[in-house]
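Report on the following structure.
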Amino acid sequence: MKYKIRQETIGDEAAIKDVVARAFDGKFYADENDALLVDGLRNAGALILSLVATLKGQIIGQVALSPATIGDARYLCVGPLAVLPDHQRKGVGSALMGHALGVAQVYGRDGVVLQGDLNYYSRFGFEVFPSVTFTGEGAEYIQVLPFKETPSGDVKFHPVFSG
Ligand SMILES: CC(C)(COP(=O)(O)OP(=O)(O)OC[C@H]1O[C@@H](n2cnc3c(N)ncnc32)[C@H](O)[C@@H]1OP(=O)(O)O)[C@@H](O)C(=O)NCCC(=O)NCCS
């Protein structure tokens, strides 16, 4: 049976939190804030998109979009992106990202930005730009996929990401 992708609905909240917690569990870059991010964005009215991948009715993956800025430009942040360990390496993460990027492109912003593994996200077209700065931790993991102009300036994510 193939997984399906849909927008989150009421009642998905706990399963989404569980997927993020289990996907990030034990990763060196994880912290206790990760599982709370989607709830935090939703509660702040900043969850622009929250897609889930389901298999036999069970949520096995998720991706979120929220507002971000780079300098004066209006971007969307992609993240968290998470797939349950037992379901990784089957294309679910790529499918979630593909759908999220499609929505982002029609949403009318200047591009998408995220903080994450350089090897993984380059396949989707994300790049590190020397003209983009970040004052938080892990500035070297900031990657941008601009839809228009070369990005320039400081990245600001929603405050929920700062814990
Ligand atoms: C990253 C993640 C979402 C990828 O989901 P997925 O469903 O396994 O991804 P896909 O099946 O679409 O792609 C798998 C490919 O990505 C690669 N990949 C997965 N995670 C990777 C990582 N952290 N760095 C580099 N490559 C990675 C796999 O090696 C595989 O490559 P291959 O197809 O050439 O063998 C998933 O591994 C995950 O939830 N990880 C833990 C949470 C996390 O790190 N999230 C991203 C940070 S926000």
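We did not get these values from a lab; they are worked out from the coordinates using the rules stated. Everything numeric here is computed off the predicted structure, so don't read it as measured data. Glycine also receives a Cβ, built like all others from the backbone with ideal geometry; neighbour counts cover every protein chain displayed.
What lysines could a cross-link reach from Lys56, if we take a straight Cα to Cα line under 19 Å and drop same-chain neighbours fewer than 8 places away?
By straight Cα distance, Lys56 reaches Lys2, Lys4, Lys17, Lys90.
Determine the relative contact order of the chain: mean sequence separation of Cα pairs under 8 Å and six or more apart, normalised by residue count, in whole percent.
Here the relative contact order equals 22 percent.
In terms of the ratio Rg/(2.2 N^0.38 Å) built on C-alpha atoms, what value belongs to the chain?
0.98
Can you compute the charge dipole magnitude of the chain about its Cα centre, using +1 on each Lys and Arg Cβ and -1 on each Asp and Glu Cβ, nothing else charged? Give it in debye, rounded to the nearest 20.
In total the dipole reaches around 740 debye.
Expressed as an acute angle from 0 to 90° and rounded to the nearest 10, what is the orientation of the C-alpha long axis of helix 92-107 relative to the principal long axis of the chain?
The helix 92-107 is inclined about 50 degrees to the chain.
So what is the 222 nm mean residue ellipticity for the chain from helices alone, if each DSSP H run of at least 4 adds -39500 (n - 2.57) and you divide by all residues, rounding to the nearest 500 deg cm²/dmol? Show your work: numbers first, answer last.
On the way: 4 runs with 39 residues, N = 163.
Per the formula, -7000 deg cm²/dmol.
With each pseudo-label sitting 7 Å past Cα toward Cβ, what's the Ala30-Ser162 distance in nm, one decimal?
Result for the modelled spin labels: 2.6 nm.
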